[in-house]
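Below is one structure; the comments refer to it alone.
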Amino acid sequence: MKWNLRLVAANRGIWKSSELRRLLAARGLEISTGKMSGMWSSTPAVLRPDELDVLCAVLDCGIAELIIAEPNTVAQPVAAQEHVRAVGDQGADAVRRIVPKPRTGRSLPPR
């Protein structure tokens, strides 16, 4: 996903995060300076739906303008056989068996 807040805000004439923060506060969404800085400079780690609603209302945009899907950046699943080779198995014929080791005595109970 690509977070597009700065571009959408710039298209609306909002150039500073403090300005956007004031507009959000006027709509009833109080965001801390640290969270606003994180939202402005990079993709936010957590964004609640109600915050997203207020952002869209203030910026007069849709969610699709703020968040752009990038499906081509998602890693392809690894085939099972490739995974086995990557882990270091010797091949399909080599079967690794787990054999328990015999214990050579018992421990004594505490005195």
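The values are calculated or read from the model by the stated rules, or taken from the named source; none is laboratory data. Nothing here was measured: the structure is a model prediction, and the numbers come from that model. Please note: Cβ atoms are built from the backbone with ideal geometry, for glycine as well, and neighbour counts cover all protein chains shown.
Quick look at the values:
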item: Search result, residues across region 1-33 that are surrounded by 13 or more Cβ atoms within 10 Å (Cβ to Cβ) and in contact with a strand residue (DSSP E or B) (Cβ under 8 Å, 6 or more places away or on another chain); result: W3, N4
item: Residue within region 53-63 that is out of contact with any helix residue (DSSP H, G or I) (no Cβ under 6 Å at 6 or more places or on another chain), in contact (Cβ under 8 Å) with a residue 24 or more places away in the chain, surrounded by fewer than 16 Cβ atoms within 10 Å (Cβ to Cβ) and not polar (S, T, N, Q) present; result: yes
item: Helices (runs of 4 or more DSSP H) wholly inside region 1-55 that include at least 2 residues being among the charged types (D, E, K, R); result: 17-26
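Table: residues versus (1) under 18 Å from R6 (Cβ atoms); (2) at pLDDT below 90; (3) among the aliphatic types (A, V, I, L, M).
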{"position": "C56", "(1), (2), (3)": "yes, no, no"}
{"position": "L66", "(1), (2), (3)": "yes, no, yes"}
{"position": "H83", "(1), (2), (3)": "no, yes, no"}
{"position": "G88", "(1), (2), (3)": "no, yes, no"}
